[in-house]
1. Just to be sure before I move on: is Val146 under 29 Å from Asp209 (Cβ atoms), at pLDDT 85 or above and of a type in the set (Val, Ile, Thr) in the structure I sent?
2. Scanning the range 119-134 for residues that are buried (at least 20 other Cβ atoms within 10 Å of the Cβ) and modelled with pLDDT under 90, which turns out farthest from Tyr65 (Cα to Cα)?
3. So Pro75 passes all but one of these: (1) surrounded by fewer than 20 Cβ atoms within 10 Å (Cβ to Cβ); (2) in a helix (DSSP H, G or I). Which condition number does it fail?
4. Which one of these does Gly165 not meet: (1) out of contact with any Asp or Glu (no Cβ under 7 Å at 6 or more places or on another chain); (2) under 20 Å from Pro110 (Cβ atoms)?
5. So, in the range 178-196, exactly how many residues are free of Cβ contacts under 8 Å to residues at least 40 places away in the same chain and surrounded by fewer than 19 Cβ atoms within 10 Å (Cβ to Cβ)?
6. Within the group Ala54, Ala88, Ala93, which residue is among the aliphatic types (A, V, I, L, M), more than 13 Å from the chain's Cα centre (by Cα) and part of a helix (DSSP H, G or I)?
7. Within the group Pro110, Pro75, which residue is within 30 Å of Pro210 (Cα to Cα) and at pLDDT 90 or above?
8. State whether the residues of the range 131-143 include one that is over 13 Å from the mean Cα position of the chain (by Cα), more than 13 Å from Gly165 (Cβ to Cβ) and assigned to a helix (DSSP H, G or I).
Amino acid sequence: MKVEAISAPDASLGATSLMLVGEISHRVLNDYTDAIVTLAIARAETTDLTARSALAAAERRLLAYAAVHRALRPPPTGRRCDLGDYLAEVCSALSYASLRDRGLRLTLVPGDVSLESDRCWRVALIVAELVNNAVRHAFCGGGGWVLVEVEADGPTICCRVSDDGRPAADPLPGLGRQIVQSLAQALGGTIQWRFESGGPSAVLRIPADPTTFG
């Protein structure tokens, strides 16, 4: 078994930065909407059945990606969220957009965890990146599963993403690894990758009380 533990330089976001991220997210969703409307108009104007089918499939795909983007928007700050409920929306959107067509099953075991909304958001971003990475790199043929588990272990919250695929040696090459590392550090936590015979997993551990960090 190979184990790799990662932490990274601080990448915390203040209120102003969160507002800017929210504005960018809003603009991206508007762009998705414009693209979807353009496809719908083109589909309505063509009489070629093959073209209509292809345009309809493109519309559905963009709608699914837009739903993922919407689920991952920065939430309002200053309140607490149920992490399981938050991840349920994200996982449902991810499953529809990226997993179902590949014959992959995404299961969430949510646990009973409440976090500040901005911390829920960061955990969700990490989970989305890990799930998408598994879909892109761990599965060569059809079928398989991805499992997301959340639990509170005393003062620590654990979030584990595992699958039955076979990833490359580097589980998150390039920018994806940097994003996950930075988000884990911003949460005051660490992320650890395990490579076992049953499949790879990544475990995020963060303090339940953010005041114990730094």
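The values are calculated or read from the model by the stated rules, or taken from the named source; none is laboratory data. This is a predicted model, so every value here is computed, not measured. For neighbour counting, all protein chains shown are included, and Cβ atoms are generated from backbone atoms with ideal geometry for every residue, glycine included.
1. For Val146, the condition - under 29 Å from Asp209 (Cβ atoms), at pLDDT 85 or above and of a type in the set (Val, Ile, Thr) - is not met.
2. Top of the filtered list is Ala134.
3. Result: Pro75 fails condition (2) only.
4. (2)
5. Here the count works out to 0.
6. Selected residue: Ala54, the only one of Ala54, Ala88, Ala93 that is among the aliphatic types (A, V, I, L, M), more than 13 Å from the chain's Cα centre (by Cα) and part of a helix (DSSP H, G or I).
7. Pro110
8. no
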